[in-house]
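A short write-up of the structure that comes next.
The values are calculated or read from the model by the stated rules, or taken from the named source; none is laboratory data. Just so we're clear, the structure is a prediction, and the values are computed from it rather than from any experiment. Here Cβ is always computed from backbone atoms with ideal geometry, including for glycine, and neighbour counts include all displayed protein chains. These area figures cover heavy atoms from the full protein model, side chains too; ligands, DNA and RNA do not enter into them. Shrake-Rupley method; radii C 1.70, N 1.55, O 1.52, S 1.80 Å.
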Amino acid sequence: MIFTELVMENYGAYAGKQTINLSPVNDANVHPIVLLGGMNGGGKTTLMDAIRLALYGQRAKCSTRGNLGYGEFLSQSINSQATSADITKIELSFEYIFEGHWQQFKIIRAWNKDLKDGKDSLSIER
């Protein structure tokens, strides 16, 4: 599995829609490692939590969850500048060998401040 892109919308410290290119290919050169750096409190752990949350949902071991229930954790993960009409979303795109060749997939988890039954919506695109 090769991560290619992470999109966060109103998630954690990231207001609005933020897109991060994780693809190891740049200018036809393959770079096997993607490095993320920043100051303390800059959002590096939030990026890792977003990837975990996209992949594992309720079972994700996110750094700020502690003993919170899933619905409460999702509510607290919404950016403080988001309005009640705004959606919070994480999209993780990746390439994976399926049926014998590389294919592109996207996991999308979305929720808003008015959580129904404390759950998010999940969709997977191929």
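At a glance:
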item: Cross-chain or 6+ apart pairs with Cβ under 7 Å, segment 112-126 first and of a type outside the set (Gly, Ala, Ser), then part of a loop (DSSP other than H, G, I, E, B) and open to solvent by 60 Å² or more (accessible area, probe 1.4 Å); result: Lys113/Ser84; Asp114/Ser84
item: Selection from segment 1-48 of residues that are acidic (Asp, Glu), under 12 Å from the mean Cα position of the chain (by Cα) and closer than 26 Å to Trp102 by Cα; result: Glu5
item: Criterion (in contact (Cβ under 8 Å) with a residue 12 or more places away in the chain, in contact with a helix residue (DSSP H, G or I) (Cβ under 7 Å, 6 or more places away or on another chain) and open to solvent by less than 90 Å² (accessible area, probe 1.4 Å)) met by exactly one of Ala54, Ala82, Ala13; result: Ala13
item: Tally of residues being more than 20 Å from Gly43 (Cβ to Cβ) and open to solvent by less than 70 Å² (accessible area, probe 1.4 Å) across segment 85-106; result: 5
